[in-house]
Amino acid sequence: MSALPAPTAPFPVRVLGGPTALFEYGGLRFLTDPTFDAPGDYARGDARFLTKTAPSATTPADLGRIDVVLLSHDEHPDNLDVSGRALLAGIPLTLTTPGGGERLRESLGDRARGLADWESIELDRPDGGTVTVTGVPALHGPGPREEVEPVTGQVVGFVLTGEGLPTAYVSGDNASLEAVREIAGRFGPVDTAVLFAGAPRFPVLFDNQVIVLDSAMAAEAARILGARRVVPVHYDSWAHFTEGREELEAAFTAAGLADRLDWGKGA
């Protein structure tokens, strides 16, 4: 891995709970996996329920302008809930998986677009120039794609780049360090990695193996990426997350990377 990226002024990231974070990049305001419903039990659609344990740090009405939603996948209520779906109707662009793009296009029309792995879209910046968003591989469970996707569905991550801008990576619900290595090979080192963690597990899925990065894997992903800053999300507010902030801090400390952690208190 090459040296860390040259320091730049970090763009603000605000973590709102679960997988949801708000950040401004290149003059555009991005929101990840919008989840704003109240605590309670939510059906997954496959006879299982997910239990939300804490409310979001804000409400959709308090978000202000959102230009783009980066939606790792649309099929699970802990990544896109009822409030999140309602929010999408007022957002100019939602980027997601190819399958999710087709499903959401029924209600959103051209404001929903799916990105295949390594497919890019250029977005106009308010003050000139563009931001490039590239869809990157993600696997929502252990093992090869052909075994994981029939169980947990298609997921996409995102890399953001632009002239004079730091490289940013949003992992989505990814459990594959091999995917991280592929991304690092094309885009690393990255300045900011928004890593979905939390080590979610279900006894009935993949022999109870994690279906998104655990804390040690998140630290290893940061090392692979050469990330100067890591903003963890997707580690609180849901009962199926088995590791939280304490485990993340311990894993990054053990890896000598504790100074890279940013808990997303930015405006």
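The values are calculated or read from the model by the stated rules, or taken from the named source; none is laboratory data. On a predicted model such as this, the values are computed, not experimentally measured, just so you know. With ideal geometry, Cβ positions are generated from the backbone for all residues, glycine too; neighbour counts draw on all protein chains shown.
Please give the strands (runs of 3 or more DSSP E) falling wholly within the range 143-219 in which 2 or more residues are touching a residue at least 24 places away in the same chain (Cβ under 8 Å), surrounded by fewer than 21 Cβ atoms within 10 Å (Cβ to Cβ) and not β-branched (Val, Ile, Thr).
Ranges flagged: none.
How many residues are assigned to a loop (DSSP other than H, G, I, E, B), charged (D, E, K, R) and over 17 Å from Ala239 (Cβ atoms) when one looks only at the range 14-45?
Number satisfying all stated conditions: 1.
Going by what's in this entry, would Ser72 be described as assigned to a helix (DSSP H, G or I), polar (S, T, N, Q) and either within 27 Å of Ile211 (Cβ to Cβ) or under 17 Å from the mean Cα position of the chain (by Cα) (or both)?
no
Give the range 220-260 a look and list any residue that's small (Gly, Ala, Ser), surrounded by fewer than 19 Cβ atoms within 10 Å (Cβ to Cβ) and on the phi < 0 side of the Ramachandran plot, or say none.
Ala239, Gly244, Ala250, Ala254, Ala255, Ala258
Any idea how many residues of the range 193-218 are more than 18 Å from Val15 (Cβ to Cβ) and at pLDDT 95 or above?
Total meeting the criteria: 3.
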